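Undergrad: Dropping the structure in here first, questions after.
All of the numbers you see were taken from the coordinates with simple rules; none came from a lab. None of these values were measured; they are calculated from a predicted model. Glycine gets a Cβ as well: all are built from the backbone with ideal geometry, and neighbour counts include every protein chain shown.
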Amino acid sequence: MTTHNIEKTEGVVLKITPSKESDAILSIYTHDYGRISVYGKGIKKINSKNARGVTPSTLSLFELNVRKGLSSLIRASGIKYYTHIQDHIETDILAQCLLEYYYRYVPENKPDLETYTFLVDALKAIDTGYSYKLIYALILVFIMKDNGIELEVDGCVHCGHTSVTSFSLVDGGFVCHKHQTPQDVELSIDALKAIRHIYKTPIAHVDALSIDESVLKEILFIFEHYIDEYCGIYLNALRFVKEWI
Ligand SMILES: [Zn+2]
């Protein structure tokens with residue numbers, strides 16, 4: 001066979017692992033193929049024409065020779081450089097968290113439009129400069145849902161009543177006054193509303209969310225609880241996030 005399967009697809013480089021000489025192996029989340037591994041010949045050379053296109057946290061167009069296993073890179077050109085992500089340590093770490101989740105926990109060769117869209121929208125939101133606590137909460141919710149954890153945020157998890165007073169970590173949702181037990185976390189109305197809004201709002205509509213930083217501080221531990229206790233997710237970058245949240 002001499003035919004080459006050359007394809008173009010948009011995507012984001014998640015991680016670059018140096019290989020021999022100036023080569024490197026790229027982990028890329030692509031629109032058409034999901035997460036794939038790509039061999040980039042000569043991309044570590046100072047004058048490589050693909051250098052900018054393979055910068056992590058950049059939306060790029062990739063021209064690939066697609067193979068089962070390890071594909072190879074022909075060309076990478078940047079479409080959108082999220083240059084403000086590196087302006088602050090907090091936004092930089094959030095982006096690292098996101099990329100780390102993708103390369104460690106999102107399965108290879110399983111394209112999924114929702115997963116792709118979240119990655120691109122989240123990078124854009126981080127770059128735009130929205131509250132990093134809010135973006136952090138939205139990323140935690142995405143990871144929860146991606147691991148099959150659903151919360152009941154429309155009403156009491158026991159009876160469905162829409163007038164709620166607390167949150168049950170064990171039952172995964174709101175609880176009304178009647179069903180509240182001492183184990184449930186009693187929260188302000190603002191905090192309960194914030195949980196619901198964060199849970200329901202796509203990250204592309206982050207501008208529609210207006211949540212006090214003090215309220216965010218009050219509820220972040222709920223989302224963290226599910227990541228830590230139920231998802232079996234461990235992210236290096238998350239340690240740093242917890243230091244400044
Ligand atoms: Zn109830």
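Undergrad: Once amide H atoms are built 1.01 Å from N in the peptide plane, which residues 5 or more positions from I245, or in another chain, come under 5 Å H to H?
TA: Placed amide hydrogens put nothing under 5 Å from I245.
Undergrad: Once the Cα atoms of helix 189-200 and of the chain are each reduced to a long axis, what angle between those two axes, in degrees from 0 to 90 to the nearest 10, is obtained?
TA: Helix 189-200 and the main axis of the chain meet at about 30 degrees.
Undergrad: Here is a further query. Cα convex hull of the chain: mean projected area in nm², to one decimal?
TA: Average of the hull's projected areas for the chain equals 14.9 nm².
Undergrad: If we count every other residue with Cβ under 14 angstrom of I79's Cβ, Lys/Arg +1 and Asp/Glu -1, where does the sum land?
TA: After counting each charged neighbour, the total is +2.
Undergrad: Neighbouring Cβ atoms within 10 Å as the yardstick, rank S22, S210 fewest first.
TA: Final ranking by Cβ density, sparse to dense: S210, S22.
Undergrad: Can you give me the P(r) profile for the stretch 6-81? Cα pairs, bins 5 angstrom wide beginning at 0, each as a whole percent.
TA: 4, 19, 33, 29, 13, 3
Undergrad: What fraction, in whole percent, of alpha-carbon pairs in the stretch 85-185 exceed 24 Å separation?
TA: Tail of the P(r) past 24 Å holds 42 percent of the pairs.
Undergrad: Then there is this: Once label points are set 7 Å from the Cα along Cα→Cβ at both S77 and N47, what is their separation, rounded to one decimal in nm?
TA: If labels sit at S77 and N47, their model points lie 2.1 nm apart.
Undergrad: Let me ask something additional. Stretched out fully, how many nm does the piece from H84 to N147 gain, at 0.36 nm a residue minus the Cα gap?
TA: Computed gain between H84 and N147 is 19.7 nm.
Undergrad: While we're on this one: What order do you get for Y230, Y130 when you list them from fewest to most C-beta neighbours inside 10 Å?
TA: The most exposed by this proxy come first: Y230, Y130.
Undergrad: Name the most mobile residue of G34, G69, G11, meaning the one with the largest mean-square fluctuation, in a Gaussian network model of the chain with Cα contacts below 10 Å.
TA: In this elastic network of the chain, the residue with the biggest mean-square fluctuation among G34, G69, G11 is G69.
Undergrad: Sort all Cα-Cα distances of the stretch 12-141 into consecutive 10 angstrom bins from zero, then give the percent of pairs in each bin up to the one containing the longest distance.
TA: Histogram of Cα-Cα distances, whole percents per bin: 13, 44, 33, 9, 0.
Undergrad: Hey, what number do you get for the chain at 222 nm if only DSSP H runs of n ≥ 4 count, each worth -39500 (n - 2.57), divided across all residues, to the nearest 500?
TA: Mean residue ellipticity, 222 nm, calculated: -11000 deg cm²/dmol.
Undergrad: Right, here's the next one. What list do you get for T162, T30, T115 if you sort them by fewest beta carbons within 10 Å?
TA: Fewest-to-most Cβ neighbours within 10 Å comes out as T162, T115, T30.
Undergrad: Using Cα pairs closer than 8 Å and at least 6 residues apart in sequence, work out the relative contact order for the chain, in percent.
TA: That works out to 15 percent.
Undergrad: Take every Cα-Cα pair in the stretch 117-234 and report what % of them are more than 22 Å apart.
TA: The share of Cα pairs beyond 22 Å in the stretch 117-234 comes to 32 percent.
Undergrad: To continue, here is another question. Please work out the Cα center distance from the stretch 1-71 to the stretch 80-130, rounded to the nearest Å.
TA: After rounding, the separation between the Cα centres reads 17 Å.
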